[in-house]
Amino acid sequence: MPAVVEAHAQSRGALSGKVAVVAGGASGIGRTVANALARQGARVVIADFDSERMERTVEEILELGIADALALSTDVRSDASVRAMAGDAIKAMGQVDILINMAGVLLEGPLQRIKTSDWKWMLQTNLLGAVRTTTALMPHMMERRSGHIVNAVSADGPAPHDPLTVAYDAGHAALAAFTRSLAAELDGTGVNVSLYCTGSRGPRIGQNTRSRGVSRLLHRGEGDDVEEQSKPTDQLVDSLIDALHHPRFLVLAEPRR
């Protein structure tokens, strides 16, 4: 059974009283978002499959002293795992007000080198993972007539240009289309929907990588720590936090130039 870990001080931030689930919140930009939410006073549920990094992120949140945190082991590729996460989060926290989908994997390489099994591996997380978490928590939000769902895509999802990430970008383009249709479906229900784009200088979403026909070290120096090198800055998620206060569909991590 999951247990809520209580912080040492009363939550007083702008999101005090809200509960946020961050799928993929144990590392990368998801971790940055989770910490930003906590600093706003939200109680945060980290839903991830990486137990070690998930517990570390919870500890970081608790050190802030203003928010509660809960770690729930979750595999977004599994219907049963996602349903269990949603039920446990609601039971432990009493409600879920915000769902942020940050789980992702990177698939790179020339199109002719990418197998169908690679596409399935990527889509199970980058597209269907968000579909699963959304459909698991959407009824709860609709019943309460309140909530906010945020799906994140990489810089190139809506407008790809890198031939080595055509599959990855196609998955995020599909997620963007799903998110726009979801916003139309939930219009008038009290549940807001946003599409968050990481920006042209932003990090890729996801730490796990499959490379076909290219070196895994293509985008980093040998021996570098992947997560530390691409560690997102707090400024990268400022617009996302602002969109939770002032709901809008398209949320850019950096302004258009």
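The values are calculated or read from the model by the stated rules, or taken from the named source; none is laboratory data. Since the model is a prediction, treat every value here as computed from it, not as a measurement. Neighbour counts are summed over all protein chains in view; Cβ atoms, including those assigned to glycine, are modelled from backbone coordinates with ideal geometry.
Against the conditions (1) surrounded by fewer than 23 Cβ atoms within 10 Å (Cβ to Cβ); (2) of a type in the set (S, T, N, Q); (3) farther than 15 Å from ARG210 by Cβ, where does SER117 fall short? Just the number, please.
Single failed check for SER117: (3).
This table checks each residue for (1) out of contact with any Gly (no Cβ under 8 Å at 6 or more places or on another chain); (2) over 25 Å from LEU244 (Cβ atoms); (3) surrounded by 15 or more Cβ atoms within 10 Å (Cβ to Cβ).
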| residue | (1), (2), (3) |
| --- | --- |
| ALA80 | yes, yes, no |
| ASP88 | yes, no, yes |
| GLN95 | yes, no, yes |
| ILE98 | no, no, yes |
| GLU108 | yes, yes, yes |
| LEU123 | no, yes, yes |
| ARG145 | no, no, no |
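Which of the residues spanning segment 140-199 are at pLDDT below 90, of a type in the set (S, T, N, Q) and assigned to a helix (DSSP H, G or I)?
If the condition is that a residue be at pLDDT below 90, of a type in the set (S, T, N, Q) and assigned to a helix (DSSP H, G or I), then THR165 is the only one that fits.
Answer yes or no as to whether MET141 is over 23 Å from THR32 (Cα atoms), surrounded by 21 or more Cβ atoms within 10 Å (Cβ to Cβ) and not aromatic (Phe, Trp, Tyr).
Yes, satisfied.
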